[in-house]
Every structure is written in C-alpha cells, then in structure tokens.
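Worksheet: the structure to be examined is printed underneath.
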C-alpha cells in the first residue's frame, strides 16, 4: 500500500459513479466505475483503500446525485470535499467520458487553495426540504393567481365586471364563491375559476404549514437567529441552509463572498467606489436583502445609519451594499456560536 496522498475525483450520475485517483502531480493512478448504491459505495471505498492509506475525496454534485456517496464516505471517516462541475473545453482532443470527467474533477481540485466541504444533513437537510417544498407551493400559487387574472380579463362581461375590481387574496375568495350559470361559455369559465381558487386555497394552506414547521425547526436550532431584528423563519432557515455547520466556511469574508455581498471595486480615475456583487448564493443574498429592508423600515439603529450615510453622499445602492455586508458579518459570527452556551 502506497503512502502518498491520493486525490480521488468522482463524477456522479443517477445510476452509476466514475472515480479516478490521481497523485500530487496529477498523474492518474487508477480509475473505476461503480453503481450508485451502498454496494457500489463500499466497493469504491475498498478500491481506494487498496491504493493508498491517505486519501482525499472530491465528489461532484454532493447536493444531488453525489449526496449518498458523500454521506457514506463521511460516515466511514473519509475526508470529503465538494467538487464543482469540471470545466468543459470545446473540441477537446482528449475526448469525453465519465472517467475523464472524474480525472478533471481530481486535477482541478489539486489546483485549488481552498476546498468546499459538503453541507451537513440531519436537521439542516430537513430545513432545506421544507424551504424547497414551500417555495414550490408559492410558485404554483403565483402561477394559478396569474391564470385567474387572465381569465378575469377575457371573461364574459357579467363575470368581468364583477371580478375585475379584486386583486390577490380577495380575488381568490370571490372566485371560490362563484356559482355556475348562464350560457356555456359563462358556465365553463365560472367552473374553471372556482376550481383554480380552490387549488390556490389549498396551496396557501400548504405553504403556511411548511412555514410553521420551519419556524419550529429554526427556533430549535438557532433561537438567537430568530431574535435578531428583521429575521423571520424563512430568512433564518435560508441562512442556516447556506451556512450548514461550523467549519464549512473558513471565515466571514468567505461567507460574504458566498452570499454575493463582498464589495467589488468599481473605481475609475479619482473616483473610488464599490458596487453590488451579483454573484454567489442568490437565495442567501435575497435573505440578507430582506433583513436589510426590514431593518431600514423599523430598526432605529439602521435608520440612523442610513441617514448618516445619505448625508455623506452615498447612494441608496451603496448604503444597501454596506448594510448587507455588515449583516453577513454579524450573522456569520452568530451562526458560528450556535453550539456554544
């Protein structure tokens, strides 16, 4: 058994995974294809252990097809990093295969100074599932509401005049109380509106149930987070999901960069300024943006800060960027202390 440290890159798929082990110089030691199940995971681990006593794993798609493998390796004491999709070159002379992709994953990992650690499962994964399910219900609700608006615009005149004044929840309630009658067009339109309204009512109840569960989970995991001004169960849950666990993100600067609130230079000539960062985790960025807006309305210290910076000549966007960067720093430090008394 060799003592050199091997970097094992894994290209993950629905039914099978391809892995390649490379040495510190990027030379390929071996490659293998296994099934995407526990038998395949065990076979892959035995294969890697036979080639070196020291290994680091870079698994592509740890939030999707690689989630099972990453969890299995972590349970067995392996060092697992999160791998990005390898860069594809057009008209690559080396060709294309899953094992070649695995080699690229491993080699690209060797060139990086910092490696991302996969997100934690357990309560954090439960919060992510609830967030995703709630967002799906909200999106379906918006789509159904837009459909109602479109039906009202083209509805027969009696229905149109009766419903055109309503918006949002009032329109849903009004459509849910409709009674079929009149000619064929009116009856069909009325029945369709009523069915859509009932569906929207169920979707709203579903989203509310998800939010109640999120409130309970976030309050259990991070009560200090919910105590912060402007932080609710949805924004708090998103921060927990993006942050995951202590040690995953090395410092507050990395957290700000991940959230897309790290300042970007936009200076020119004698003008020295920064602009908003439009990269990173956009869901986390939206959570920080929501908190910043809430504090801008109802938090005295934030309102005083905005007034002071406005007097200094800062624009609204620049002030908002500064607020979001401050919030990223504050929430990162708070999250890092979750496990402490």
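Read-outs: derived from the displayed coordinates by stated rules, not from any lab. Remember, predicted model here, so these are calculated numbers, not experimental data. When we count neighbours, we look across all protein chains shown, and the Cβ atoms used for this are built from the backbone with ideal geometry, even at glycine.
As a summary of the residue check, residue 136 satisfies the conditions (1) buried (at least 16 other Cβ atoms within 10 Å of the Cβ); (2) out of contact with any helix residue (DSSP H, G or I) (no Cβ under 7 Å at 6 or more places or on another chain); (3) in a helix (DSSP H, G or I) except for the one numbered (1). All conditions in (1) touching a residue at least 60 places away in the same chain (Cβ under 8 Å); (2) within 17 Å of residue 289 (Cβ to Cβ); (3) within 21 Å of the chain's Cα centre (by Cα) hold for residue 229, with the sole exception of (3).
In the set (1) in contact (Cβ under 8 Å) with a residue 24 or more places away in the chain; (2) surrounded by 17 or more Cβ atoms within 10 Å (Cβ to Cβ); (3) touching a helix residue (DSSP H, G or I) at 6+ places or on another chain (Cβ under 7 Å); (4) not in a helix (DSSP H, G or I), the condition left unmet by residue 26 is number (2).
Checking every residue in segment 199-211 against the condition of being more than 23 Å from residue 170 (Cα to Cα) and in a helix (DSSP H, G or I) gives zero matches.
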